[in-house]
Amino acid sequence: METRQKELLYDLLKEFPEYIDEIEKNGINNLNSESVEKIIDILLTAFTNYGLEEDDEPNKYGLEIEDLIDIVNDAD
């Protein structure tokens, strides 16, 4: 995971420090399945709320969130 991606992920998870702690402790590729599900839910909410243009196409922020979703999904 690139530095920018990690910063964005941590920003999106700031209200859920337990997931940041788990990532720091175990790494993104060693999350338990429940954490992966919860983090994906958080990312999908952010994508829906902030990552779409008027025509429902992803904006730049949405594309970054999509990349994070792929990274977290690969951890499962």
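The values are calculated or read from the model by the stated rules, or taken from the named source; none is laboratory data. Not measured: the values here are computed from a predicted model. Accessible surface is based on the protein model in full, side chains and every heavy atom, while ligands, DNA and RNA are left aside. Shrake-Rupley method; radii C 1.70, N 1.55, O 1.52, S 1.80 Å.
With an 8 Å Cα cut-off and a minimum separation of 6 or more residues, compute the relative contact order for the chain in percent. Write down the numbers at each step before the final one.
Details: 60 pairs, mean separation 26.9, N = 76.
Dividing the mean separation by the residue count of the chain yields 35 percent.
Taking all protein chains together and rolling a 1.4 Å probe, Y19 ends up with roughly 30 Å² accessible. Accessible area ranking (1.4 Å probe, heavy atoms, ligands and nucleic acids excluded), largest first, for L63, L13: L63, L13. Counting only protein heavy atoms and using a 1.4 Å probe, the accessible area of I71 comes to about 40 Å². The string of couplings for the range 38-46 from the Karplus curve (6.51, -1.76, 1.60, θ = phi - 60°) is 5, 5, 4, 4, 4, 5, 5, 5, 4 Hz, one whole number per residue in order, with x for Gly and Pro. For the range 49-59, the Karplus equation 6.51 cos²θ - 1.76 cosθ + 1.60, evaluated at θ = phi - 60°, returns couplings of 6, 10, x, 10, 7, 4, 8, 6, 8, x, 8 Hz by residue, with Gly and Pro reported as x.
If amide H atoms are built 1.01 Å from N in the plane of the peptide, which residues on other chains or at least 5 residues away come under 5 Å of the amide H of L52? The answer is N59.
May I ask for the angle, rounded to the nearest 10°, between helix 3-12 and the longest principal axis of the chain, with both axes built from Cα atoms and the value confined to 0 to 90°? Taking the Cα atoms of the chain, the angle to 3-12 is about 90 degrees.
May I ask you to rank F16, F47 by accessible area, largest first, using a 1.4 Å probe over the protein chains only?
Working: F16 70, F47 35 Å².
Largest accessible area first, the residues go F16, F47.
Based on alpha-carbon positions alone, could you give the equivalent ellipsoid semi-axes of the chain from the gyration tensor, as √(5λ), descending, whole Å?
On the way: eigenvalues 93, 27, 25 Å².
Semi-axes from the Cα gyration tensor: 22, 12, 11 Å.
Residues E66, E57, sorted by accessible area with the largest first, give E57, E66 [1.4 Å probe; ligands and nucleic acids excluded].
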